[in-house]
Structure formats: C-alpha cells, structure tokens
1. Within region 55-90, how many residues are modelled with pLDDT of 85 or more and within 21 Å of His36 (Cβ to Cβ)?
2. All but one of (1) touching a helix residue (DSSP H, G or I) at 6+ places or on another chain (Cβ under 6 Å); (2) more than 28 Å from Ala202 (Cα to Cα); (3) not β-branched (Val, Ile, Thr) hold for Gly365; which doesn't?
3. Just for region 40-54: of the residues that are modelled with pLDDT of 80 or more and aliphatic (A, V, I, L, M), which one is surrounded by the fewest Cβ atoms within 10 Å (Cβ to Cβ)?
4. From the list Ser114, Ser99, exactly one residue is crowded, with 24+ Cβ neighbours inside 10 Å, at pLDDT 80 or above and not aliphatic (A, V, I, L, M). Which is it?
5. Applying the selection to region 27-50, what residues are free of Cβ contacts under 8 Å to residues at least 24 places away in the same chain and under 12 Å from Ser159 (Cβ atoms)?
6. Within region 221-253, track down each residue that is of a type in the set (S, T, N, Q) and crowded, with 22+ Cβ neighbours inside 10 Å.
7. Are there helices (runs of 4 or more DSSP H) fully within region 272-379 with at least 3 residues that are modelled with pLDDT under 95 and buried (at least 18 other Cβ atoms within 10 Å of the Cβ)? List them.
Amino acid sequence: MATIPSNKLGTGLVVLMSAATGVAVASNYYAQPLLHTIAARLGISNAGAGCIVTAAQLGYALGLMLLVPLADLFERKRLIVVMALLSAAGLMLTALADSLVLVLAGTLVTGLFSVLAQILVPFAATLAAPEERGRVVGNVMSGLLLGILLARTVAGYLSAAAGWQAVYWFGAAMMVATAIALGRALPRHHQSAGLSYPRLLASTLSLFAEEPVLRIRAFLGAVVFCVFSVLWTSLSFLLAAEPYRYDDGTIGLFGLVGAAGALAASPVGRWADRGKAGLVTSVGLSLLLLSWLPLAAARTSVAALVAGILVLDLTAQAVHVMNLSVINQLRPDAGSRLTACYMTCYFIGGATGSLLSTYVYARAGWSGVSLAGAALSLVALAAWRVQPARIASAEASKL
C-alpha cells in the first residue's frame, strides 16, 4: 500500500497524533503522584509502590523491543487501534486490583501495548514533508511528554475526589476514545520490510550494531530519561512528607510545572531541520546538569523546586526531540525499527532511574536523590563531549 502524500498530513491530524501519544504514554504515569496513597491502601512500603513505576517502564521497554518493529511489517492503522484497546484492558485490570500483584500485572499489560505512541512518532515523520519533519516530530513528542507530565495532575485530582482506582477507569475510557478517533482519522499505510518476524527483530538489533549515531543518541536518551525518572519518582515522597505534607491533588499540580517546561521545548524540532542538533544537544545537556542546583534546595524551597523542574523538563524534552530527529533521518525505510532501538534504551533508562530513585530516597533522602541526578547528568554531558568527530560529521550529513 503506497504512502499517503505528505500534503495530506494536515494540522488536525498532527494534533490528533500528538494527543494520542500523550494519552497512550500517560497510562504509564498515573501512579507517580499516587505512590504514597497506593502504598497506604495496599499496605506496602514506599519502595514496593515504586515498583509500579518500574513495572510500567519495563513493560514499555518490552513492547518497544517486541511490538514496535511490527509497524514495519503490518498495516499501521489497524496495529495502532488494536494496541490502544489492549492498553485500555490493562488499565481496567489495574482499576479492579486489590493487591500489588494485580496492580503490577495490569501495569505491565498497559505498558506493553501503550507503545503505540512510538509507532505514531515515525508514522508522523513518514507522512510529513522532509522540510517539516523535525517540526512535526517535535510537536508529536511534545504531546508525549505532556502526557507524561499532565498525567500526574489528572491523577492527583481524580484520586483526591474519587479514590486511586478512579484514575485508572478514567485512563481506560480515554484509551478507548483514542482508539475510536485514530480508527476514523488515520490514513491506511503499509510499507512492509519484507522480512519474517524473527528476521525483523534480528534486523532491529543489527541496526543498533551498524549505526554509531543511533548508539550515542540511544545512550544519551537512556541517561536523560533516567535523570528525569530520578526526579519524578521521588517527588511525591518529598512533597507528601514534612515540611510540605501536600495531598494528591496538590502534588499533581507540579505536573503542570513540568508541562510548561515541555511546551517551552516544542520549537526545538525546527533547529534540527536547520542542522543545529549538535548545538542544541550540547546546551541541553549542560542545562540538565545545572538544573540540579535549584533542585538540591527543594527540600525547603518550593520556588527552587519549580525552577529546577522547569529547566530539567525543558532540557530533557529538547535533547529527546533532537535524538529522534537525528535517528529518523538515518534510514527512512526502517523508521519503526530505529525508533524501537532508541526508545527501548530510553525506557530502560527510565526504569533504572525509578529503581535508583526509590532506593536512594529510602537511604539518603532528597539530598541523595539530588546527588544521583547530578552525577547522571554529568555522565551524559561527558559522553556527548567525548564522542568521535566522525559521529558528529555523520549526523550533520543526514540533516
């Protein structure tokens, strides 16, 4: 089936695809501002509740590895709609759960199939005109990060009003509505890689081995999202404890602060179209490290916390968009597999950050979390600074 002409990718469809990625990925983040509440309701420790976030990210990483490459094999519209409905089923299981085991099971199912967001991103890049590809990817990825951050605000208020299970019933309803909207609006598109499923998975791994640009960008993505998760996983514990003692609704409001940072980063896709990906990456990673200066003071200052969140989320989104813009130019015929490689690393980094954050917070409090976040940010900056010149040249030649 032929590709739909790029001029068919209108503003309305870009908005829908952005919103759909946000709704899909939000399903994995409703728990973050509720961890202390879920721990109390189920009679488990904070560390046990933190495993819910880790399970979501590991399920997502597994889906990226095993399911996203299918978009280079099957018709994309049907695949996306089916995955949206299965993700909704996982949310329903969590809503019905009365034990940590069932919550984890529902979370894994949701994470596994909500990777439809990562099929939509290269799909949007495929449909976009070449000169607009970076902007379109930036817009769709802004929807994804907004979904991650606004999920916290929505979850906080729904939990305060109707209990934590109501959050997951709401999420399931949103996923079903998203499946219906995408089924009506998306163009049919099938560009088969001409490989069997085992060979498709093997080719995905071979792309990682063959493309040095993909490797460095995947490493940066993993570390940046690890830093992002270090902050957001422990934030609810910090804000629920002394001296703040905030409830779920108030904690969820901090998602709006992160959303503002994400929105501020939305124009950076245009810089990729102008060949400035390397510059934006350098500046972004430097600011990521500096964001931990105000965050270190967040134990006693809300203003410092807000400033740190704004800078961290702005730079995390900017680097992420640059990463995706660069790798989507490497091999246009393997967009879904390239995205699968990158995003698998990205969410493994996020899962690692969630585990690290809960472990460090339990033993060293917010000061330990701040040191861990700063150290990881320094690792990302150092890795970028020492990359071989041939990789930078290879990136420039693709943009």
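1. 2
2. It fails just one condition, (1).
3. Within region 40-54, the match that is surrounded by the fewest Cβ atoms within 10 Å (Cβ to Cβ) is Ala40.
4. Ser114
5. The one that is free of Cβ contacts under 8 Å to residues at least 24 places away in the same chain and under 12 Å from Ser159 (Cβ atoms): Ala40.
6. Within region 221-253, the first condition is being of a type in the set (S, T, N, Q), and the residues that meet it are 229, 233-234, 236, 250.
Passing the criteria: Ser229, Thr233, Ser234, Ser236.
7. On the way: elements: 277-290, 292-296, 302-327.
Where helices (runs of 4 or more DSSP H) fall fully within region 272-379 and carry at least 3 residues being modelled with pLDDT under 95 and buried (at least 18 other Cβ atoms within 10 Å of the Cβ), they are 277-290, 302-327.
Residues are listed down the side, and each one gets a yes or a no for (1) of a type in the set (Phe, Trp, Tyr); (2) out of contact with any Gly (no Cβ under 6 Å at 6 or more places or on another chain); (3) within 17 Å of Ala185 (Cα to Cα):
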residue: Phe74; (1), (2), (3): yes, yes, no
residue: Lys77; (1), (2), (3): no, yes, yes
residue: Leu108; (1), (2), (3): no, no, no
residue: Val115; (1), (2), (3): no, no, no
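The values are calculated or read from the model by the stated rules, or taken from the named source; none is laboratory data. Because the structure is predicted, anything quoted here is derived from the model rather than measured. Every residue, glycine as well, gets a Cβ built from its backbone with ideal geometry; the counts of neighbours run over all protein chains shown.
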